[in-house]
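Comments concern the structure below.
The values are calculated or read from the model by the stated rules, or taken from the named source; none is laboratory data. Here the structure is a predicted model, which means the values were calculated and not measured. Reconstructed Cβ throughout: ideal geometry from the backbone, glycine too, with neighbour counts over all protein chains shown.
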Protein chains: 2
Amino acid sequence: MVTNLKHKDALLTLQKAGISKTSQRLAVLNILLKATTPLSVNTIRQSLGTKANIDKVTIYRILSLFRQRGIIREIASVGGANYFEMATLENPLHPHFSCRNCGAFTCLAPLPFTQAPELILSKNDYSIDHIEINISGLCACCRNSTKTQKTMI
Amino acid sequence: MVTNLKHKDALLTLQKAGISKTSQRLAVLNILLKATTPLSVNTIRQSLGTKANIDKVTIYRILSLFRQRGIIREIASVGGANYFEMATLENPLHPHFSCRNCGAFTCLAPLPFTQAPELILSKNDYSIDHIEINISGLCACCRNSTKTQKTMI
DNA sequence: ATAATTGTTGCAACTCGGTTGCATTTTTGA
DNA sequence: TCAAAAATGCAACCGAGTTGCAACAATTAT
Ligand SMILES: [Mn+2]
Ligand SMILES: [Mn+2]
Ligand SMILES: [Zn+2]
Ligand SMILES: [Zn+2]
């Protein structure tokens, strides 16, 4: 869903977030920028290929940093692996569809909640067996103890 | 959110699903029946305690069977562990809140989509940093190949 | 009643996603 | 250019979940 993005966007993203630019971070960011679906770490590693042989620990650390700075979103899956996608203004928060059979993740159009029922019913090319709505953040009892980490919806 | 449930409900649930009753399945089911939040496998194991020492593999197999038969729902989390809750008529599909700090899962009230924005804004005892809406099922290409497994929303 | 079959459990070993500690390399900034 | 700080790579580790197989329990056939 992220379109019309050029190579220079990766550098801009990093320096706007106040993150030092390294070849590894730029490589990972470029893959996320041109992706049209959320990516797992394994997919990112495969996309990097042998040309840029980045250690998996480095990838996890980069993704963790990007998520903390609000550059990317992290999406959970019942399969255990997490998925990542850009969290830009052009790519606002939206539902996802994951196939029970092949595990493929696809992005659904962002929509106001009031339009949700119609969208779900109109998606007759999917067979829906589970709708998951998870809201995460800080609960009341934890809110007072931790005063760090800004909200990044 | 499951209330007014007695010991006999576990047996009824099993025989209604056409599943043979064993002491292990009844023990796991009773824990899920009296739970007020989604439970992880570890929490279930701790609840079972030493009185009914069930192997973790057995618990996973029981939960997998229950999910296939539509007895329980499975909820993904970014932490890696999955959570389980009853999927009864009295406990319809609903959003969940998971705390970024302590990881606690709580059930939110089931609601039509049109009421979602108000609910989220009214929940000022939580600090929301992520709303996740995941729809899972079969994609178009997989729908034709696999004709098994009924829908269990 | 007994034997054969089927289904369920337990144990061990394993896979896979992700993390931690530490030494080495790279980036930054004076 | 050079030192301090940050980032990477490697190895070893951890936790969630799975697989294979033997032991056990419950059904069914003889
Ligand atoms: Mn998406
Ligand atoms: Mn719930
Ligand atoms: Zn598919
Ligand atoms: Zn909390």
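Number of residues in the stretch B:73-115 that are away from DNA strand C (no atom under 15 Å from the Cβ), at pLDDT 90 or above and under 16 Å from B:Leu39 (Cα atoms): the value is 10. Counting only residues that are within 14 Å of the chain's Cα centre (by Cα) and among the hydrophobic types (A, V, I, L, M, F, W, C), the stretch B:19-58 holds 9 of them.
Consider the stretch B:92-114 and keep the residues that are touching a Ser or Thr at 6+ places or on another chain (Cβ under 6 Å) and within 16 Å of DNA strand D (Cβ to nearest atom). The one that is nearest to the other protein chains (Cβ to nearest Cβ) is B:Ser98.
Residue-wise test of (1) assigned to a helix (DSSP H, G or I); (2) in the same structural domain as B:Cys107 (by TED's automatic domain parsing); (3) under 28 Å from A:Ala81 (Cα atoms).
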{"position": "B:Gln15", "(1), (2), (3)": "yes, no, no"}
{"position": "B:Val28", "(1), (2), (3)": "yes, no, yes"}
{"position": "B:Ile31", "(1), (2), (3)": "yes, no, yes"}
{"position": "B:Ser47", "(1), (2), (3)": "yes, no, yes"}
{"position": "B:Ile54", "(1), (2), (3)": "no, no, yes"}
{"position": "B:Tyr60", "(1), (2), (3)": "yes, no, yes"}
{"position": "B:Gly79", "(1), (2), (3)": "no, no, yes"}
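Please work out if B:Ile44 is under 30 Å from A:Arg143 (Cα atoms), within 16 Å of DNA strand D (Cβ to nearest atom) and modelled with pLDDT of 95 or more. Yes, satisfied. What about A:Ile75, is it buried (at least 16 other Cβ atoms within 10 Å of the Cβ), within 16 Å of ligand 1 (Cβ to nearest atom), of a type in the set (Val, Ile, Thr) and within 12 Å of chain B (Cβ to nearest Cβ)? Yes, satisfied. The number of residues in the stretch A:17-68 that are surrounded by 17 or more Cβ atoms within 10 Å (Cβ to Cβ), charged (D, E, K, R) and more than 21 Å from B:Ser77 (Cβ to Cβ) comes to 2. Based on what the data block shows, is A:Thr58 modelled with pLDDT under 80 and of a type in the set (Val, Ile, Thr)? The answer is no for A:Thr58.
Does B:Ile120 satisfy the criteria of being in a helix (DSSP H, G or I) and modelled with pLDDT under 70?
Considered against the rule, which asks whether it is in a helix (DSSP H, G or I) and modelled with pLDDT under 70, B:Ile120 comes out as yes.
Among the residues making up the stretch A:37-78, those that are more than 16 Å from ligand 2 (Cβ to nearest atom) and touching an Asp or Glu at 6+ places or on another chain (Cβ under 6 Å) are A:Pro38, A:Arg67, A:Arg73. Of the set (1) away from chain A (no Cβ under 12 Å); (2) surrounded by fewer than 20 Cβ atoms within 10 Å (Cβ to Cβ), all apply to B:Gly80 but (1).
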